[in-house]
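**Student:** To start, I am sharing the structure in question, which I have written as structure tokens.
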Amino acid sequence: MKDLVFIEGLKAQAVIGVYDWEKEIQQELVFDLEMEHDNRVPAATDDLSKTLDYEAISNHILRFCAERQFELIETLAENLVDELIVDFKLNAVTLTLRKPGAVPAARAVGVKIHRKSAIMY
């Protein structure tokens, strides 16, 4: 059985897109994450240091989006997940990334990826 820690509906501003006009503006991206983490240890000890710090992870995502530019949301998602796995010692993460407004007739378009760490923490 796996435990999950999640972040839902995290909104970030990013310069993202393939068109010239997209490279001149910031657009909203919405992130949902599910991160595998054994919650038995923090539950047993009530020790904050044993949990996943979802505020730190959220802030990391916001900085990542503010400091980098990508043409494809697929590239952003892969690079971000790779970094999150290493920096926060995640065993696995599922990331859903939405780009609202990219297709006027749709509420959002996006990608959903699931990646596992090569190292089990």
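FYI, it's all coordinate maths here, none of it is from the lab. Not measured: the values here are computed from a predicted model. We place every Cβ from the backbone using ideal geometry, glycine too, and count neighbours over all the protein chains shown.
**Student:** Starting from the Cα of Lys23, draw a straight line to each of the lysines and keep only those under 21 Å, dropping any in the same chain fewer than 8 residues away.
**Tutor:** Here the lysines satisfying the reach criterion relative to Lys23 are Lys11, Lys99.
**Student:** Candidates (1) 8.0; (2) 6.3; (3) 11.0; which is the computed mean projected area of the Cα convex hull in nm²?
**Tutor:** Label of the calculated value: (1).
**Student:** Another question, if that's okay. Quick check: net charge around His60, other residues with Cβ under 14 Å of its Cβ, Lys/Arg +1 and Asp/Glu -1?
**Tutor:** -3
**Student:** May I pose another question? Could you work out how far apart the two model spin labels at Glu22 and Asp3 are, taking each label as a point 7 Å from the Cα in the direction of the beta carbon, and quote it in nm?
**Tutor:** 3.9 nm
**Student:** Quick check on packing: order 96-102, 55-61 by the mean number of other C-beta atoms within 10 Å, highest mean leading.
**Tutor:** Most protected by this proxy first, the peptides run 96-102, 55-61.
**Student:** Moving to a separate point now. Summing -39500 (n - 2.57) over the DSSP H runs of n ≥ 4 in the chain and dividing by its residue number, what mean residue ellipticity at 222 nm do you reach, to the nearest 500 deg cm²/dmol?
**Tutor:** -9000 deg cm²/dmol
**Student:** Taking amide H positions as placed in the peptide plane 1.01 Å from N, state which residues far from Val109 in sequence (5 or more) or on other chains have amide H under 5 Å from it.
**Tutor:** Lys99, Gly101, Ala102, Val103
**Student:** Can I ask one more? Where does helix 73-87 land angle-wise versus the long Cα axis of the chain, in degrees 0 to 90, nearest 10?
**Tutor:** Helix 73-87 sits roughly 20 degrees off the main axis of the chain.
**Student:** Right, another one. Treating cross-link reach as a plain straight distance, find the lysines whose alpha-carbon is under 19 Å from the alpha-carbon of Lys50, omitting any fewer than eight places away in the same chain.
**Tutor:** By straight Cα distance, Lys50 reaches Lys2, Lys89.
**Student:** With a 10 Å Cβ neighbour count serving as the proxy for reagent exposure, in which order, fewest first, do Tyr54, Tyr19, Tyr121 appear?
**Tutor:** Tyr19, Tyr121, Tyr54
**Student:** Something else now. Amide H neighbours of Gln27 under 5 Å, at least 5 residues apart or on other chains, H built in the peptide plane: list them.
**Tutor:** HN-HN under 5 Å from Gln27: Ala14, Val15, Ile16.
**Student:** Tell me the relative contact order for segment 4-102 as a rounded percent, counting alpha carbon contacts under 8 Å between residues six or more apart.
**Tutor:** Computed value for segment 4-102: 37 percent relative contact order.
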